[in-house]
Structures are given as C-alpha cells and as structure tokens.
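Comments concern the structure below.
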Amino acid sequence: MTTEPQDTALVDHPLEVLTDAGLTQPPSPLDRVRTVLHRYPALSPALVLILSMIAFGLLNDRFLSTANLSLVVQQVAVIGALAIGQTLIVLTAGIDLSVGAAMILSTLVAAGVATDHGWPGPLALFAALVIGVATGVINGVLVTRLNLPPFIVTLGTFNVFTAVALLYSDGATTRGIEMPGLLTWTGKSFTVGGAQITYGVVLMILLYVAVAFALSQTSWGRHVYAVGDDSESARLSGIHVTRVILSVYVTAGALFAAAGWILMGRVNAASPNAGVDANLDSITAVVIGGTSLFGGRGALWGSLIGALIVGVFRNGLSLAGYDPLYQTLAVGVLVIVAVSVDQWIRKARA
Amino acid sequence: MTTSTATSTPILEARGLVKTFGHVVGLAGVDLELHAGEVLAIIGDNGAGKSTLIKCLSGAYTPDAGQILVEGRPVEFHRPDDARRAGIETVYQTLAVSPALDIASNLFLGREQRLPGVRGSVFRMLDKKGMRDRAKQQVEDLGISTLQSMTQAVENLSGGQRQAVAVARAAAFGSKVVILDEPTAALGVRESAQVLQLVRDLRDQGMPVILISHDMPQVFEVADRIQIQRLGRRAAVITPQTHTPQEAVAIMTGAMVVT
Ligand SMILES: Nc1ncnc2c1ncn2[C@@H]1O[C@H](COP(=O)(O)OP(=O)(O)OP(=O)(O)O)[C@@H](O)[C@H]1O
Ligand SMILES: [Mg+2]
C-alpha cells in the first residue's frame, strides 16, 4: 500500500486528466531490466542456455555436433518430464520431494504386473498411470485436508514410496527384454537431419505443449497462478483453493508416471536404483528455469530450459575433460544464482 | 427512503451473528438489515467487528451462530464463491487482488469467460481479448479514470489503483448487493469522490450498498442509514437526518447510549 501523499493540486482538474497515480519517478535501466525479467520469467534461463552452449562449443568442437546435442536432449528427457509436474506444484507455492520415488514406483508396478501377471503392455502402462495418480492423490489430500506443509508431506511420502517400491520389487531390476515392448518403446528413436530423436523426447515435448497450453489458455491455469500468488486473495475471489491444489498434485502424479515411461525406455529396464537423483534434479530444473519457489510466478517452458541447462553443463564439462565433481559444483552454483536472481526480480513488486 | 423501505423484506438480513476467534469475540450476536436501493454505512472503532460482520455476509467466514437471509430466504455461505453466486460482491479491506495477474484477469478471476465454439467448450480456451475489452468498458462505464491498460500487472499499481481494481470488480459483477470495506482508505481526494459517486450511482440503479468507513463526513454525505458497531455488537442504527456526526462518534465510543 502506498503512503505517498496524494496530489491535492489535481483536485480542480477535470476528471479525465487524473492519470498519474503511481508512476512518479522514471525507472532506472536496471529497474527496466528487472521489470522485463519479471514479466518473462523464462528469459534469463534462455539467455544462460544460449551463452553456455556458445561457451562449451568454443571449449570443444564436438559439443555443438548434432549427435552430441541430440544426446543431451535424450539425457534430459526424464528430468524434463518430471519438471513439468514439479513446476505445477511449485507454482502453487508447494514443493514435491517425492517425484522420483513416485516415478520409480510406477515403473516397477508396470514391469511387475507385466512380467509376473502377464498383463499386456497397454494395461501395464495404465497400471503405472493409476499408481502415479494415486501418489498425487495421497500428497494432495495430505497437503489440502490436513493442511500440512508440502515439504514435510512429500519428505514423508518420498520415504514411503521408496520403501513400497523396494518391498514390491524385492529390490530387483526387470530388464527391457523381459517386458512388453510398449513399456520401453519410448527408448526407440528415429532420425531427422542427422539428429537421433527418441519417442521419449517427443512424448516429453508433447506433455510440455499440453500443460503449457492448460496453464496459459484455461481458467484452471489462471487459478493455479492465483492460488500460488496469494491463496487467501484467491479464496476471497471465489476460487476453490483446495480443489485447485488437489488437481495440481493429481495432474503432477500422472505426469510422473509418464516420466517413468520415458525412464524405462531410456535405461531399458525398470529398476529401483534408476533416477535416485531425480527428486532434487527436477527441483533444480524448475528453479534454474525461473519459477519462483514462493509460488505464482514462472513459465513452464523455463523448466525445460532449466533441465537443458543442467544437461548442457554436465555434458559440456565432461566433454571438456573436467572431473565429474565439477558438474555437481556447477549445478550447485547455478541453483544459488537462480534463486538470488529470483529474489531480486521479486523486489520489482514493491 | 428509510421510512418507505423499513417495512419491506430486506434484500440482505443477518440475525444474531456470532463469530469468535479462540478467546477473541469478533461478533457477539449482531443483526443487520439492508433494504433495496439504500446505502447502509457501518461505522465503529478499530476492532469493533465491522470487517468480521461483512466477512460473514460474504462467505469469507462461517458464523458460529446466527442466520443470514437473502430476500427473506435463509442461506448458508460456506465459501466466498457461494455469496458471489447469490449476487453479493465484496471489496475487502485487504482488497483480495492477485498481484501477479493483470487488471483484466483480476476483474474476471473465478468467473473467466471462454471463447465461443469448440475452442471454448472442448479446449476450454479463455476469451482473453474479450475479457480485456469488457474490462476496459466496465472500468470506463464506472467512471474510474485511474486505470489505463488492462494488461498491467496489479503488483505494479499504486495502492489507490489497486483499490480501484477491487471496487471495479465488485461494482461490475454485483447483482444484488455490493459491500465495500473501507474502499477509500488509500485514495486521494478526487478518487474518494469518484468512489462515493459510484456508490450513489449504484444506489440510484437500485443496488443496495454496505459501506464501511471511518470518514464521518463521507458517511453522513452518502449513507441513508448508519449502523454503529461497538465491541462486537450493534450499538445503534441512526440516520444522517436524526443524528449529528458528533452524536454518532459518542455512540461509537460509548459516551452516549441509545436505547
Ligand atoms: N482472523 C482473525 N483471527 C483472530 N482474530 C480476529 C480475526 N479477524 C478479526 N479478529 C478480531 O476480531 C475483532 C474484530 O475485528 P474486525 O477486523 O472485524 O474489526 P474492524 O471493526 O473491521 O476494525 P478496523 O476498523 O480496524 O478494520 C478484533 O478484536 C480482531 O482482533
Ligand atoms: Mg476492518
């Protein structure tokens, strides 16, 4: 709320001239940059991606080769897909630490029902989807009905889902050849102009398109933003806040199952040991992608860019011959920089 | 106006509303009647229960006891959306606007309009341009001159402009009752006058208005009746014709007791 004195000199002007409320000082160039970044949250990660690609291209000529770039995209597909659901949750000012566990549980169930019970591929995939949705319902109900902080809820369910996955699978890995071909179909690829593209990558991009559409073009998307922005204002504006949040966790759960399908194709197996870093990596992608952990601000495409930035740094540093530890170091620095930039951008509000 | 409407069924009525917050008593059994085409002002000291009262009427709070009636029919509001559907629009003291969304999105928040045809029915696409145009039209029709571009994010607006957004939303969509909780608190002299004119216009169109304000001259200028809240109770209902502002303040502070 402003407390600046209102301009009483304007009182005797005709009604129409009163257009000055607000902007009194011309904004500095830095303020203008901040306002633009505020308006287009995916802009700064996009710049980082382009600059880092140029830098790694200069370090090693193989980096920008079509073969290498399509490899980066394949490596990023699983985290990129997980980051969609994670973005939805973070937009509501939540966080999901259980995404990787939910994904792995769904893959193990799909592989289990297919190999142990002979379910056909489509049915096994459907089972994975049901498991994904169920994990979303559990998280969503705990967050909305019991009013628990998402961080704590998903820390708990992370352990629960992990344990259930290990109990269900006996810790065993099911190899790709033992499963119906459909379950690992996402690992198959086709070639376009020398670039190898897996169906998993195509699926991920289709999911981005669909969810980005829902976020930007439907009232559901608008309500997701409004709830994350200021949930009490959203409630007073007539939005059913708990319903929106629940729908977000359930949608995210379905998306985690889809990420699981991409994972099975990528590693050609269903394994309780695959993607153990996925929980934090998905959050990393979202944060680097410019979505605010405080909710209500961000763009879905930013998360794909964030996942790509992580992939580019890992691949580029290893091609340039650096110790893998430097990849971890670089990603850590990126996260902290991204959060600092977000804090700075958020001050544009005041 | 007051005498002629006193006998008809109130548009909005509250009986014996009680609302407590732990040990704090917000409302200790409050009545309220709002008649067609009148401006009912609610005044009272800070913490007298004014906002709590209107939050019960707008569905933001569920009262612990008491009854709310719309046009004589008992209603139960479980959430703000219920009251909005009943035609009651509210400008809250906290404004309840979404900072990151633009003006048009805020005006239509929770009642977005979709595109015609399959784009709207199957793909659920928002009619963004339509809502922008209608928002602009509504703001103009309401005589609110402080809002320019409907695509401006509300967080970039001044306090007064935000208040204008909240007032425009309530005035544009209210179909039975408009409730304004200190709608001029952040406004300059001219903008306050605009809101007061808006209140009169609404009344002249037959829309009853509840106006909470600490500004005595404003209240005595625009109100048909004045309900005075004191310590969670209704201390009195007066009119600008029967009482002076000094007497109203005396009732508010307990220096004068009305029987
Ligand atoms: N959400 C809440 N939780 C706890 N106590 C509350 C809550 N809302 C109101 N109260 C208490 O109820 C009483 C009435 O508050 P209310 O906001 O209705 O006052 P008011 O008349 O609107 O005051 P003001 O003029 O300052 O806006 C106060 O004692 C307040 O502390
Ligand atoms: Mg109040």
- Item | Sparse-neighbour loop sites [GluC sites (Glu not before Pro); the stretch B:4-74; at most 16 other C-beta within 10 Å; DSSP] | B:Glu71
- Note on the structure: The alpha-carbon center of the stretch B:168-187 and that of the stretch B:30-59 are separated, in whole Å, by 13
- Item | Equivalent ellipsoid dimensions for the protein assembly as shown as semi-axes, Å, which come from the Cα gyration tensor, largest first | 55, 28, 20
- Shielding by partners, peptide B:149-156 (average Cβ within 10 angstrom, other chains): 3
- Given the candidates B:Phe123, B:Pro217, B:Met150, the one whose Cα lies deepest towards the positive end of the charge dipole of the stretch B:3-253, counting +1 at each Lys or Arg C-beta and -1 at each Asp or Glu C-beta, is B:Phe123
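Within 10 Å of each candidate Cβ there may be at most 14 other Cβ atoms; applying that plus a DSSP loop requirement, which trypsin sites (Lys or Arg not before Pro) in the stretch A:124-199 survive?
Details: sites: A:Arg145, A:Arg175, A:Lys188; in loops: A:Arg145, A:Lys188.
Those satisfying the criteria are A:Arg145, A:Lys188.
Could you work out the mean count of beta carbons from other protein chains within 10 Å of each residue's beta carbon in B:187-195? Before the final figure, lay out each step's value.
Values: counts 2, 9, 5, 11, 4, 1, 2, 2, 0.
Averaged over the peptide's residues, the number is 4.
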- Using +1 on the beta carbon of Lys and Arg, -1 on that of Asp and Glu, and nothing else charged, what's the dipole of the protein assembly as shown about the Cα centre, debye to 20? 1120
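Computed over the Cα atoms of chain B, what is the ratio Rg over Rh, Rh following Kirkwood? Don't jump to the answer; show the numbers that get you there.
Working: Rg = 18.7 Å, Rh = 19.0 Å.
For chain B, the value is 0.99.
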- Item | the stretch A:237-350: C-alpha gyration tensor shape, a/c 1.5 cut-off, then a/b vs b/c | oblate
- Task: Take every residue in peptide B:93-99, count the Cβ atoms of other chains within 10 Å of its Cβ, and give the average of those counts.
- Result: 6
- Task: Please determine, in degrees from 0 to 90 and to the nearest 10, the orientation of helix A:99-116 with respect to the longest principal axis defined by the Cα atoms of chain A, where the helix direction is its Cα long axis.
- Result: 30
- Name the shape class, rounded, prolate or oblate, that the alpha-carbon gyration tensor gives for the stretch B:25-81, where a ≥ b ≥ c are the square roots of its eigenvalues, rounded holds for a/c under 1.5, and otherwise prolate holds if a/b is larger than b/c and oblate otherwise. oblate
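Could you tell me the calculated FRET efficiency between B:His23 and A:Val339, based on Cβ-Cβ distance and R0 = 30 angstrom, to the nearest 0.05?
Working: r = 41 Å, r/R0 = 1.35.
FRET efficiency, B:His23 to A:Val339: 0.15.
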- By the gyration tensor of its Cα atoms, with a ≥ b ≥ c the square roots of the eigenvalues, what is the shape of the stretch A:42-343: rounded for a/c under 1.5, prolate for a/b over b/c, or oblate? oblate
- Item | chain A: angle of helix A:219-229 to the longest principal axis, Cα-based, in degrees nearest 10 | 70
- Message: Compute the helix-to-body angle for B:189-204: its Cα long axis versus the longest principal axis of chain B, expressed 0 to 90° and rounded to tens.
- Response: 80
- Query: If r is the Cβ-Cβ distance from B:Phe123 to A:Arg39 and R0 is 22 Å, what FRET efficiency results, to the nearest 0.05?
  - Reply: 0.30
- Sorted by chain and number, the residues with a modelled amide H under 5 Å from that of B:Leu12, at a separation of 5 or more or across chains, are B:Leu34, B:Glu71
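For A:Ser216 and A:Leu30, what does the FRET efficiency come to when R0 = 35 Å and r is the distance between their Cβ atoms, rounded to the nearest 0.05? Spell out each step's value before the answer.
On the way: r = 28 Å, r/R0 = 0.81.
After rounding to 0.05, the efficiency reads 0.80.
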- Note on the structure: Within the under-15-Å Cβ sphere about B:Ala255, not counting B:Ala255, Lys/Arg +1 and Asp/Glu -1 give a net charge of -1
- Looking only at lysines whose Cα falls under 29 Å of B:Lys128's and that sit 8 or more positions away or on another chain, we get A:Lys347, B:Lys136, B:Lys176
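Each reported figure results from applying straightforward, stated rules to the coordinates on display, with no laboratory input. What you are looking at is a predicted structure, and each value in this text was computed from that prediction instead of being measured. Heads up, the Cβs are rebuilt from the backbone with ideal geometry, glycines too, and the neighbour counts pull from every protein chain shown.
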